[in-house]
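Student: So that we are looking at the same thing, I have put the structure below in structure tokens.
Please treat every number below as a calculation from the coordinates, not as lab data. Worth saying up front: this structure is predicted, and the values here are computed from it rather than measured. All Cβ positions, even for glycine, are placed from backbone atoms using ideal geometry, and neighbour counts span all protein chains on display.
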Amino acid sequence: MENSDVICACLNLTIEDMKKAIKDGASSFEEIQKATELGSVCGACIDDARKAAEELLA
Ligand code: FES
């Protein structure tokens, strides 16, 4: 997983954006979603994003 990997194409969110949300206090996938709006457009990224979040939060 690279920081520059795009995790949500609709919003152009990357792993780095997810890490930033975690650094800013998000402690679950749902909180990352709240902070970034990840998955709020087409939703296709949610399964992969959830997996990435689990790794990042582990
Ligand atoms: S790819 Fe994330 S909402 Fe569409």
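Student: Step by step: first the residues of the stretch 1-48, then only those that are of a type in the set (Val, Ile, Thr) and more than 8 Å from the chain's Cα centre (by Cα), then the one that is farthest from the ligand (Cβ to nearest atom). Which residue is that?
Tutor: Among those that are of a type in the set (Val, Ile, Thr) and more than 8 Å from the chain's Cα centre (by Cα), it is 22.
Student: Let me ask something else. In the stretch 49-58, what residues are more than 8 Å from the chain's Cα centre (by Cα) and within 14 Å of the ligand (Cβ to nearest atom)?
Tutor: Within the stretch 49-58, just 51 meets the criteria.
Student: Scan the stretch 28-43 residue by residue and report those that are of a type outside the set (S, T, N, Q) and either without any contact (Cβ under 8 Å) to a residue 12 or more places away in the chain or not in a helix (DSSP H, G or I) (or both).
Tutor: Within the stretch 28-43, the subset of a type outside the set (S, T, N, Q) is 29-32, 34-35, 37-39, 41-43.
Across the stretch 28-43, the qualifying residues are 30, 31, 34, 37, 38, 39, 41, 42, 43.
Student: Go through the stretch 2-27 residue by residue and tally those that are in contact (Cβ under 8 Å) with a residue 40 or more places away in the chain and part of a helix (DSSP H, G or I).
Tutor: 1
Student: Got a number for residues in the stretch 15-58 being among the basic types (Lys, Arg) and surrounded by fewer than 12 Cβ atoms within 10 Å (Cβ to Cβ)?
Tutor: So the answer is 1.
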